[in-house]
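Below is one structure, written out as structure tokens; the observations come after it.
The values are calculated or read from the model by the stated rules, or taken from the named source; none is laboratory data. Note that the structure is a prediction, hence the values are computed from the model and not measured. Here the Cβ positions follow ideal geometry from the backbone for every residue, glycine too, while neighbour counts run over all protein chains shown.
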Amino acid sequence: MIHFFTEQFERLASENEELIQFVLAEELKNDHLIGQLLSQLINTHHIWNCRLLGQMPDSEENDRMPSDFWIALNKDNHLQTIELLKFTDLDASIQWHGEEEILESVSSILQHIIKECVYARGRINQRMHELGVPYSSMKLVKTITW
């Protein structure tokens, strides 16, 4: 299962970076919705990594991240997740606090990170389509099977 998640997060980081580079190259970073969605993609991954580590996150889900840092933050999230995979029991349960205390398995949290990132990329792709910017990646619609 570790090999599966390692492959998924390698692909996720690559696809996120490809999309970020496209957004920056096309000068779409100033579009409010695209900037907010990319920030949420980065922040959500960071927040879940922190929950797995039992740490407080540096940012909240809706914090707007400066576009100059998107690639580096995406890479940091990726490296932290890959490092977590090396020493974390995927069947272990992690207790975290949302509106209430929740107990969830590490593998469920990792699946959630992947789903959130894919969903955010899909919404960004939709927004670019609305703006008339052609960006099409079949990577956005790959099915993840557990």
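Values as computed for the structure displayed
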{"item": "Residue that is over 18 Å from Ala120 (Cα atoms), polar (S, T, N, Q), modelled with pLDDT under 95 and assigned to a helix (DSSP H, G or I), where the choices are Ser107, Ser14", "result": "Ser107"}
{"item": "Residue ID - surrounded by the fewest Cβ atoms within 10 Å (Cβ to Cβ), chosen from residues in segment 12-37 that are in contact with a His (Cβ under 9 Å, 6 or more places away or on another chain) and aliphatic (A, V, I, L, M)", "result": "Ala13"}
{"item": "Matching residues, segment 38-60, being surrounded by fewer than 16 Cβ atoms within 10 Å (Cβ to Cβ), farther than 17 Å from Leu110 by Cα and in contact (Cβ under 8 Å) with a residue 12 or more places away in the chain", "result": "Asp58, Glu60"}
{"item": "Pick from segment 78-104, criterion exposed (fewer than 13 other Cβ atoms within 10 Å of the Cβ) and of a type in the set (Asp, Glu), ranking: modelled with the highest pLDDT", "result": "Glu83"}
{"item": "The listed residue being closer than 27 Å to Met1 by Cα, of a type in the set (D, E, K, R) and at pLDDT 90 or above, out of Lys75, Lys139", "result": "Lys75"}
{"item": "Condition broken by Asp63, with the remaining ones in (1) modelled with pLDDT under 95; (2) surrounded by fewer than 13 Cβ atoms within 10 Å (Cβ to Cβ) satisfied", "result": "(2)"}
{"item": "Number of positions in segment 1-17 that are touching a residue at least 24 places away in the same chain (Cβ under 8 Å) and over 13 Å from the mean Cα position of the chain (by Cα)", "result": "4"}
